[in-house]
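Okay, so here's the structure we're looking at.
The values are calculated or read from the model by the stated rules, or taken from the named source; none is laboratory data. Values in this document were obtained by computation on a predicted structure and should not be read as measured data. No Cβ is skipped: glycine too gets one built from the backbone with ideal geometry, and neighbour counts run over all protein chains shown. We work out accessible area using only protein heavy atoms, side chains counted, and drop any ligands, DNA or RNA first. Shrake-Rupley method; radii C 1.70, N 1.55, O 1.52, S 1.80 Å.
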There are 2 protein chains.
Amino acid sequence: MQLYVERGFEQTTVAEIAKRAGLTARTFFRYFADKREVLFAGSADLQEHLMRALEAAPNSASPMQVVSAVLDVAATALGQHREHSRQRQSVINTNAELRERELIKLASLSAALAEGLRRRGVPEPDASLAAETGIVVLRVAFERWVSEPHGADLSQTMRTTLDRLKTVTTAR
Amino acid sequence: MQLYVERGFEQTTVAEIAKRAGLTARTFFRYFADKREVLFAGSADLQEHLMRALEAAPNSASPMQVVSAVLDVAATALGQHREHSRQRQSVINTNAELRERELIKLASLSAALAEGLRRRGVPEPDASLAAETGIVVLRVAFERWVSEPHGADLSQTMRTTLDRLKTVTTAR
DNA sequence: TAGGGTGATGTCATCAAGTGACATCACCGG
DNA sequence: CCGGTGATGTCACTTGATGACATCACCCTA
């Protein structure tokens, strides 16, 4: 993060990262598949965390209620450290490769959620639609939250964004 | 496409592509920013096409009606050549870098749609939500259409998917 | 028709991202 | 003290990607 902030992502070489971390480039690649992964280290953990939330939802819950519960958990997990989130997001937003990587992490999360919904008996395409919609809300809400210096907390932003989505999609 | 299908994306070298096309690797990179772009050559044109559709929608149309009109146009543009689409999609789906690139193309489209909606006076976050939701429908419908050998046409699939989305998001 | 401009292409050199093969080192248990 | 094991380093190599420069084909005009 230091180097990426100091000189930009592309201008930073793996050799430099390794040097600053006190190891070799070869070793770096034993821990991270590539230069981008550094910024997404926690995403697998987050995904597991959210999957547990999904599975903890009551049997009676509708697909969107399950998604809403997952978003609540996501908000508390992501909603700390706004300053750090902002810095990380600013690095990501200024580089195409990193945006690509971010999108695929979210796509992976979405696929996992859809799979979880299917395991609960939700048929296609409803499972995919609910999961993808949830990720849309997550993304839009997170973006708004990160860009406001001292606005509402993330949970609140997510809830109002989800409400907004319902209104927008059904308005005729 | 030939080479990517024959030996897979990663196993294909730019030198080989260039040779088969009768030119140099250096020249290849003058036409395509990188190895992945070959498969997304038409995406800029498609985006412009859809933006014109967005701008052609009547002033009275609600955000989701505009999106729905855009999806109609997208369906007729993408809905030809199911066989070619299937082959292309199969190459993309078997490689992570290509999936990343596909996602960012769709993200770019989504951003353009949101911007277009904003120009029409739709406020945030409604513009982003409507645009992103539209892309979700596009993606889910396209995936289903491509995986069915002789199913309904893409326009039909898109319409039913959009209906499904409305039901899923509002069911309680 | 010679000559000059222009755009497309090729050649060469170079850098950085990855990866495989193998050596080495630190530490742990017996 | 020794052998094993996992982490790290070294080296060599491939490939993607880019800058600098040469060349070629073609067209326009004096």
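Counting only protein heavy atoms and using a 1.4 Å probe, the accessible area of A:Glu83 comes to about 120 Å². Could you name every residue in the range B:72-100 that has 20 Å² or more less accessible surface in the full protein assembly than in its own chain alone (probe 1.4 Å, ligands and nucleic acids excluded)? So the qualifying set is B:Glu100. Between identical copies, the spacing of B:Tyr31 label points, each set 7 Å from Cα toward the C-beta atom, reads 4.3 nm from nearest to farthest. Label separation (B:Ala25 vs B:Ala112): 3.2 nm, computed from points 7 Å beyond Cα along the C-beta direction.
Tally Lys/Arg at +1 and Asp/Glu at -1 over every other residue whose Cβ is under 13 Å from the Cβ of B:Ala127; what's the total?
Values: positive: A:Arg144, A:Arg164, B:Arg118, B:Arg119, B:Arg120; negative: A:Glu143, B:Glu115, B:Glu124, B:Asp126, B:Glu132.
Result for the local shell: 0.
Normalising by residue count, the protein assembly as shown has a Cα convex hull of 160 Å³ per residue.
Which of the lysines could a cross-linker bridge to A:Lys35, judged by Cα under 30 Å and excluding same-chain residues fewer than eight apart? Leaving aside lysines fewer than 8 places away in the same chain, those within reach of A:Lys35 are A:Lys19, A:Lys105, B:Lys35, B:Lys105.
Shown for B:Asp72: label points 7 Å from Cα along the beta-carbon vector, and their distances to the equivalent points in the other copies, 4.1 nm in ascending order. Annotation: lysines with alpha-carbon distance below 20 angstrom to B:Lys166 (same-chain offsets under eight excluded): A:Lys166. Summed over qualifying helices (DSSP H, 4 residues or more, each -39500 (n - 2.57)) and divided by its residue number, chain A shows a 222 nm mean residue ellipticity of -23500 deg cm²/dmol.
Dividing the alpha-carbon radius of gyration of the range A:1-84 by the rule-of-thumb value 2.2 N^0.38 Å gives 1.52. Comparing Cα centroids, the range B:16-84 and the range B:98-172 end up 15 angstrom apart.
Please report the buried accessible area for the interface of B with A, total over both chains, probe 1.4 Å, in Å² to the nearest 100. Can you show the working numbers first?
On the way: alone 10260 and 10240 Å², together 17620 Å².
For chain B against chain A, roughly 2900 Å² becomes buried.
Mean separation of Cα pairs under 8 Å and 6 or more residues apart, divided by the residue count, gives the range A:29-172 a relative contact order of 27 percent. Rounded to the nearest 10 square angstrom, B:Phe32 shows an accessible area of 60 square angstrom against a 1.4 Å probe.
Remark: C-alpha extents of the range A:49-172 on the principal axes read 40, 32, 29 Å, sorted largest to smallest.
Please identify the helices of chain A, taking whole runs of DSSP H, that span at least 27 Å along their own axis as judged from the Cα atoms and have a mean Kyte-Doolittle score of -1.0 or higher. Each step should come with its number before you reach the end.
Details: long enough: A:96-119 (34 Å, -0.07); A:126-147 (32 Å, 0.72).
For chain A, where a helix must reach 27 Å along its axis and average at least -1.0, the hits are A:96-119, A:126-147.
The heavy atoms of B:Met51 present about 30 square angstrom of accessible area, all protein chains included, probe 1.4 Å. Surface exposure of the protein assembly as shown, expressed per residue as accessible area with a 1.4 Å probe, stands at 51 Å². When the Cα positions of B:His84, B:Ser110, B:Val146 are compared along the charge dipole of the range B:38-170, B:Val146 comes out farthest toward the positive end, with charges on each C-beta of Lys, Arg, Asp and Glu.
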